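Enquirer: If you scroll down you'll find the structure; I have some questions about it.
The values are calculated or read from the model by the stated rules, or taken from the named source; none is laboratory data. The structure presented is a predicted model; accordingly, all values stated were derived computationally and were not measured. Neighbour counts run over all protein chains shown; Cβ positions are idealised from the backbone, glycine included. For the accessible areas, the whole protein counts, side chains as well, though only heavy atoms, and no ligand, DNA or RNA atoms are used. Shrake-Rupley method; radii C 1.70, N 1.55, O 1.52, S 1.80 Å.
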Amino acid sequence: MDSLVYFPSFGTFSSFLHSVDLEKIKEDSTETEIILIKMDVREAEDIERAQKIVEEKVGDSGLNLLINNAGILRHQSFSEITEEDMLFHFRINTVAPVMVLKKMLPLLQKASSRKTGGMSVSRAAVLNISGLFGSITELPKANPEKWMSVMSYRTSKAALNMAMRVVALTEKDQGVLVVNMCPGWVKTDMGTEDGILELPESVSAMMETLSRLDESHHGTFVNRKGETIPY
């Protein structure tokens with residue numbers, strides 16, 4: 001059976017699912033074994049412990065898919081920005097996904113080595129949940145003032161895109177697919193009720209796209225439909 005690990009956002013900044021939702025999914029699951037691992041992505045010890053739990057579970061089969069979803073957003077414009085705020089966003093939105101991937105990479109490589117052919121999520125892949133706001137190209141002069149107030153978020157997501165681009169090029173011969181994806185503006189705690197997409201709509205689109213990802217998507221930044229977003 002293929003193995004997948006999904007790390008939701010920590011604490012009250014959950015983008016998609018709260019712990020209560022995850023517990024409900026686990027309880028209702030009859031055909032798939034779901035193991036919940038508590039982890040604060042800011043803490044190296046938590047990442048280390050999570051890796052050991054995953055390794056013990058997947059064994060020689062390795063890990064097929066890692067989804068880095070942890071992320072936070074605070075509204076602070078340039079005039080309000082502080083060093084603490086920028087470091088807070090970078091630590092969670094940029095540094096944490098890199099450190100989690102670095103720790104889980106041997107397990108992904110193990111899964112990749114068991115299959116031949118091109119890259120795919122069924123072989124070995126990491127999906128990093130990024131955001132359109134991390135695209136420098138897509139920041140026009142007419143950008144609404146409302147979204148200019150999330151400077152730290154934008155900057156940290158742009159950095160995540162670059163970091164994973166470097167990882168993709170560095171690990172290009174390992175058979176591990178690396179992709180950054182924007183789920184769209186979803187009605188979640190982070191996206192607020194102003195979001196234009198319902199959660200099921202966003203997730204179903206991403207799941208459909210996941211099944212189509214291959215080596216042509218390695219190191220790219222795409223939307224939930226698989227369309228390329230310029231860096």
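Enquirer: With 20 Å as the limit, write out which pairs from LYS26/LYS157; LYS26/LYS115; LYS26/LYS57; LYS24/LYS103; LYS102/LYS172 have Cα-Cα distances beyond it, or answer none.
Expert: Among LYS26/LYS157; LYS26/LYS115; LYS26/LYS57; LYS24/LYS103; LYS102/LYS172, the Cα-Cα distance tops 20 Å for LYS26/LYS157; LYS26/LYS115; LYS24/LYS103.
Enquirer: While we're on this one: If you fit an axis through the alpha-carbon atoms of helix 96-113 and take the longest principal axis of the Cα set of the chain, what angle between them do you get, 0 to 90°, nearest 10?
Expert: 30
Enquirer: Can you tell me the orientation of helix 199-210 relative to the chain, as the angle in degrees between its alpha-carbon axis and the longest Cα principal axis, to the nearest 10?
Expert: That works out to roughly 50 degrees.
Enquirer: I need the GluC sites (Glu not before Pro) found in region 67-128, filtered to DSSP loop residues with at most 16 other beta carbons within 10 Å of theirs.
Expert: Sites meeting the loop and neighbour criteria: GLU80.
Enquirer: So for the chain, averaging the separation of alpha carbon pairs under 8 Å that are six or more residues apart and normalising by length, what relative contact order in percent results?
Expert: 22
Enquirer: Using the Cα centre of region 63-223 as origin and beta-carbon charges of +1 (Lys, Arg) and -1 (Asp, Glu), tell me which of LEU199, ALA158, GLY175 is placed farthest towards the positive end of the dipole.
Expert: After comparing all options, I get GLY175.
Enquirer: A further question on this structure: Working from Cα positions, state the angle (0 to 90°, nearest 10) between the long axis of helix 151-170 and the longest principal axis of the chain.
Expert: It works out to around 30 degrees.
Enquirer: Ignoring ligands, DNA and RNA, please state the percent of accessible area on region 63-223 from carbon and sulfur, probe 1.4 Å.
Expert: Looking at region 63-223 in its full context, I get 60 percent from C and S.
Enquirer: Using a basic spin-label model with each label point 7 Å from the Cα along Cα→Cβ, how many nm lie between ARG114 and PHE88?
Expert: For the pair ARG114/PHE88, the computed spacing is 4.1 nm.
Enquirer: Loop only per DSSP, at most 16 neighbouring Cβ atoms within 10 Å: give me the GluC sites (Glu not before Pro) in region 30-59, ordered by residue number.
Expert: GLU31, GLU33, GLU43
Enquirer: Taking 0.36 nm per residue of separation and subtracting the Cα-Cα distance, what length does fully extending GLU138 through MET207 add?
Expert: Gain on stretching GLU138 to MET207: 22.4 nm.
Enquirer: Accessible area per residue for the chain in Å², computed with a 1.4 Å probe and the full protein assembly in place, what is it?
Expert: With the other protein chains kept in place, the chain gives 53 Å² per residue.
Enquirer: Can you pull the Rg over Rh of region 101-191, Cα-only, Kirkwood?
Expert: Reported Rg/Rh (Cα atoms, Kirkwood Rh): 1.08.
Enquirer: A further question on this structure: In whole Hz and in residue order, list the ³J(HN,Hα) couplings for region 220-229 that follow from phi through the Karplus curve 6.51 cos²θ - 1.76 cosθ + 1.60, θ = phi - 60°; x for Gly and Pro.
Expert: Going residue by residue, I get 9, 10, 10, 8, 5, 9, x, 7, 5, 10 Hz, with x marking Gly and Pro.
Enquirer: Debye sum, Cα scatterers, region 63-223, no solvent: what log₁₀ I/I(0) at q = 0.08, 0.09 1/Å?
Expert: Per q value, in the given order, log10 I(q)/I(0) is -0.24, -0.31.
Enquirer: Another question, then. How high is the FRET efficiency from ASP60 to ILE35, r the C-beta distance, R0 22 Å, rounded to 0.05?
Expert: E between ASP60 and ILE35, to the nearest 0.05, is 0.80.
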